[in-house]
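Student: Pasting a structure here, questions to come.
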Amino acid sequence: MNLELDVVVRCRNEMPWTRPMLSAMQRQRGVDAHIVFMDCGSTDGSRELAADMGHRVEDVDPAKYVPGRVLNRGMRLTSTPLVAFINADAIPLDDDAVMRLASPLLDDPAVAAAFARQVARPGADPLVALEYERAFGATSPVLARGTFFSMAASVIRRSVWESMPFDEALRYSEDVDWTHRARALGSRIEYVPEARFEHSHDYDLAGQWKRRRGEGAADQAIHRLGPPSPVRDFARPLAGAVLRDAFARIFSPRSLAVRTAQASGYFMGRLEASRAARRATTEQAAGAR
């Protein structure tokens, strides 16, 4: 008997990937996938394709998009005990990928969520391919703090979400925050490398800086970190990334620019969030007098 599974698909102009993703979902074995296609103002035909294929389409106002709010809405629109979140550009590479991804939650009630292996697209930037190989290898990477997780291809347990919804204030890393809190309450998070999805993004320098800045600010909030250190939180990560590029034989002036944008963006996000938190604390103390 197949597993009944609601699947929330978030999309904003994800062609040409939307078509093979939805087609691959139709071929999945072991699950009866009921797709809720949450479209955020697509103008490339993604929304129309999902509707033509008979999927339930829910519109999200791009001007009001907040990741945690959309994830919570996706959960409220679904009803199965386990819910998959698969981005419209995350293509299952095997016909049992979704079932493999859900298996840890079926086998153990202590597992709150599982996330899949993401394989960089053919022709992806070598720097991006190296990052994805490092993040989504045979085992999940060990981080200096927190838990690595990616919502792009994942399954979560409804009962855990009901007691602990996604944070609607965070603009980045809302999935990391959720799994961090779930682990603190005793749940487990599983990485499933056997569940493979094609998914990667090639950001330009400005995009790299913006994304890492957002992640730095989110880490500051999630982990209640102190002010960042120029050495520990900028120089060392930058040096480590440059050395990995050199060992992979892809070091170049461009790779140095990318790694500098990433490291400086993360550092600035941490720094700005730290200063904002300090100002808020000072103002709160002044108001209490």
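The values are calculated or read from the model by the stated rules, or taken from the named source; none is laboratory data. Everything numeric in this text was worked out from a predicted model, so none of it was measured. In this analysis, Cβ positions are derived from the backbone assuming ideal geometry, glycine residues included, and neighbour counts consider all displayed protein chains.
Student: Going residue by residue through the range 173-180, is there one that turns out to be in a loop (DSSP other than H, G, I, E, B), at pLDDT 95 or above, closer than 30 Å to ALA24 by Cβ and not charged (D, E, K, R)?
Tutor: no
Student: Just a yes or no: is a residue in the range 26-41 more than 11 Å from VAL98 (Cα to Cα), at pLDDT 95 or above and among the acidic types (Asp, Glu)?
Tutor: Yes, the range 26-41 contains a residue that is more than 11 Å from VAL98 (Cα to Cα), at pLDDT 95 or above and among the acidic types (Asp, Glu).
Student: Do we find that ARG270 is in the same structural domain as SER140 (by TED's automatic domain parsing), modelled with pLDDT under 95, outside any loop (DSSP other than H, G, I, E, B) and among the basic types (Lys, Arg) in this structure?
Tutor: So ARG270 does not fit the description; no.
Student: Determine which member of the set ALA90, ALA63 is loosely packed, with under 14 Cβ neighbours inside 10 Å and within 17 Å of CYS11 (Cα to Cα).
Tutor: Values: ALA90 fails: loosely packed, with under 14 Cβ neighbours inside 10 Å.
That would be ALA63, the only listed residue that is loosely packed, with under 14 Cβ neighbours inside 10 Å and within 17 Å of CYS11 (Cα to Cα).
Student: Moving on. Here is a check on your reading of the model: is ALA261 part of a helix (DSSP H, G or I), modelled with pLDDT under 95 and either touching a Gly at 6+ places or on another chain (Cβ under 6 Å) or buried (at least 16 other Cβ atoms within 10 Å of the Cβ) (or both)?
Tutor: On the way: part of a helix (DSSP H, G or I): yes; modelled with pLDDT under 95: no; either touching a Gly at 6+ places or on another chain (Cβ under 6 Å) or buried (at least 16 other Cβ atoms within 10 Å of the Cβ) (or both): yes.
So ALA261 fails the test.
Student: Could you check, for the range 115-133, whether at least one of its residues is assigned to a loop (DSSP other than H, G, I, E, B), in the same structural domain as ARG29 (by TED's automatic domain parsing), modelled with pLDDT of 95 or more and under 15 Å from the mean Cα position of the chain (by Cα)?
Tutor: Yes, because at least one residue in the range 115-133 is assigned to a loop (DSSP other than H, G, I, E, B), in the same structural domain as ARG29 (by TED's automatic domain parsing), modelled with pLDDT of 95 or more and under 15 Å from the mean Cα position of the chain (by Cα).
Student: Residues in the range 96-117 that are farther than 13 Å from GLU194 by Cβ and surrounded by fewer than 20 Cβ atoms within 10 Å (Cβ to Cβ): how many?
Tutor: Filtering the range 96-117 down to residues farther than 13 Å from GLU194 by Cβ leaves 105-113.
Now narrow it down to the ones that are surrounded by fewer than 20 Cβ atoms within 10 Å (Cβ to Cβ): 106-110.
Total meeting the criteria: 5.
Student: Let me ask another. Among PHE251, PHE247, which is farther than 15 Å from ALA206 by Cα, touching an Asp or Glu at 6+ places or on another chain (Cβ under 8 Å) and free of Cβ contacts under 8 Å to residues at least 40 places away in the same chain?
Tutor: Going through PHE251, PHE247 in turn, the sole match is PHE251.
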